[in-house]
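Peer 1: A single structure is presented below for examination.
The values are calculated or read from the model by the stated rules, or taken from the named source; none is laboratory data. Bear in mind that the values here come from a model prediction, so they are computed numbers and not experimental data. Quick reminder, even Gly has a Cβ in these numbers, built from the backbone with ideal geometry, and neighbours come from all protein chains shown. Protein only, heavy atoms only, side chains kept; ligands, DNA and RNA dropped before computing areas. Shrake-Rupley method; radii C 1.70, N 1.55, O 1.52, S 1.80 Å.
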Amino acid sequence: MKKIDFKDLILFENEDYLVINKPPYLSTLDDRHEAQNILELAREYTPDAQVCHRLDKETSGCLVIAKHQEAYRNIAIQFEDRKVSKIYHAVVEGIHEYKDVLVDRNIHATNKGIAKITKEGKPAQTIFNTLRTYYSYTLVECKPITGRLHQIRVHLAYLNSPICGDEMYGGKPLYLSALKRRFNLKKGTDELPIMQRVSLHAYAIGFEGIKGERIEVIAPYPKDFDVLVKQLEKNR
C-alpha cells in the first residue's frame, strides 16, 4: 500500500478531535503485518493522538481520534453511556424491507476473532432500516447501540441478509455478471467481484465536544463502495 497522506483523510477537525474517513485495508491500531496504521499516521500529524474506537481493517468510514487525554476521556464516557450515534451502510443479499428492526442478540467473540450469537455472550443491539432495494440486493442503514466485535455483520447474518463479500458470516462476493443480463467476460480471464471486501461503510458519527457542542460527521463512500452502489442503481 502506498504511503497515505493523513491530511487527505480528515473530514472534521477542531482543537480536540479529528474525524477521518478511514480507507479500507488499513488497520486502526498497530498491525505487525502492515507498514502503516491509523494510530501511527495520526501521531505523525498530532503527537498525543488516541484512537477513540475501532473499525475492522476492511471497513471504511468515520473514525474519531482525540488530540489529547481530556478529549479522549470525554468521548470514552459517551461511548460507555451509549451516547455516541453511529450509522453504517451495508449492501446485503436479498430484498428486505426493514423499518426500525431491532436485533437484540448477545454476542460472544471467540479467541479466533469470530463472533457468535450465544445466550452467554455480551448484550448487543442493532437497529436496521432499508434505504433502497435492488434486483436482489438491499442497501441497509445499520445503527449499532452497543459496540461488539463484528456486531453488524453477525446481526445481519442472523436476519438472513448477510453482507455481500462477508464470507466469514455467509455472504457471497457480488459479481457484475449477477447484475448485468448481457455480461461478456473476455476469454481466459476470471471475473473479480465488484467489491473485494465486506460491503460495509461507517457512514456517519455524532457525539458531544468538550464544550458541549454537537459534532456530526458524514463520510462519503470510498471508490469501491460507490462503484458498487452505482452498478446496483444502473442495473435495477
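Peer 1: Counting just the residues of the range 94-109 that are part of a strand (DSSP E or B) and open to solvent by 80 Å² or more (accessible area, probe 1.4 Å), which one comes out farthest from V140 (Cα to Cα)?
Peer 2: Here the residue is H108.
Peer 1: Another one. Any residue that is among the small types (G, A, S), in a strand (DSSP E or B) and in contact (Cβ under 8 Å) with a residue 12 or more places away in the chain - is there at least one of those in the range 126-141?
Peer 2: No, the range 126-141 contains no residue that is among the small types (G, A, S), in a strand (DSSP E or B) and in contact (Cβ under 8 Å) with a residue 12 or more places away in the chain.
Peer 1: Within the range 208-220, count every residue that is under 28 Å from L176 (Cα atoms) and open to solvent by less than 60 Å² (accessible area, probe 1.4 Å).
Peer 2: Total satisfying the criteria: 1.
Peer 1: Within the range 44-75, which residues are within 22 Å of I215 (Cα to Cα) and more than 22 Å from the chain's Cα centre (by Cα)?
Peer 2: Y45, T46, D48, K67, H68, Q69, E70, A71, R73, N74, listed by residue number.
Peer 1: If you don't mind, there's one more thing I want to ask. Go through the range 152-180 and give me each residue that's under 22 Å from D224 (Cβ atoms), among the polar types (S, T, N, Q) and at pLDDT 95 or above.
Peer 2: Residue satisfying the conditions is S161 alone.
Peer 1: Moving on. Is it the case, given these coordinates, that K143 is open to solvent by 30 Å² or more (accessible area, probe 1.4 Å) and either closer than 27 Å to K180 by Cα or more than 17 Å from the chain's Cα centre (by Cα) (or both)?
Peer 2: no
Residues checked against (1) under 15 Å from V64 (Cα atoms); (2) not in a loop (DSSP other than H, G, I, E, B); (3) not hydroxyl-bearing (S, T, Y):
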| site | (1), (2), (3) |
| --- | --- |
| P24 | no, no, yes |
| L29 | yes, no, yes |
| Q36 | no, no, yes |
| L41 | yes, yes, yes |
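Peer 1: Pick out the one residue from L228, L232, L200 that is under 17 Å from A90 (Cβ atoms), in contact (Cβ under 8 Å) with a residue 40 or more places away in the chain and either touching a His at 6+ places or on another chain (Cβ under 8 Å) or open to solvent by 50 Å² or more (accessible area, probe 1.4 Å) (or both).
Peer 2: Answer to the selection: L200.
Peer 1: Next question, about the same structure. Tell me whether the range 174-185 contains one or more residues that are open to solvent by less than 50 Å² (accessible area, probe 1.4 Å) and closer than 18 Å to P24 by Cα.
Peer 2: Looking for residues that are open to solvent by less than 50 Å² (accessible area, probe 1.4 Å) and closer than 18 Å to P24 by Cα, one finds at least one in the range 174-185, hence yes.
Peer 1: Here are the criteria: (1) surrounded by fewer than 19 Cβ atoms within 10 Å (Cβ to Cβ); (2) assigned to a strand (DSSP E or B). Tell me which single one H89 does not satisfy.
Peer 2: (1) is the only condition that H89 fails.
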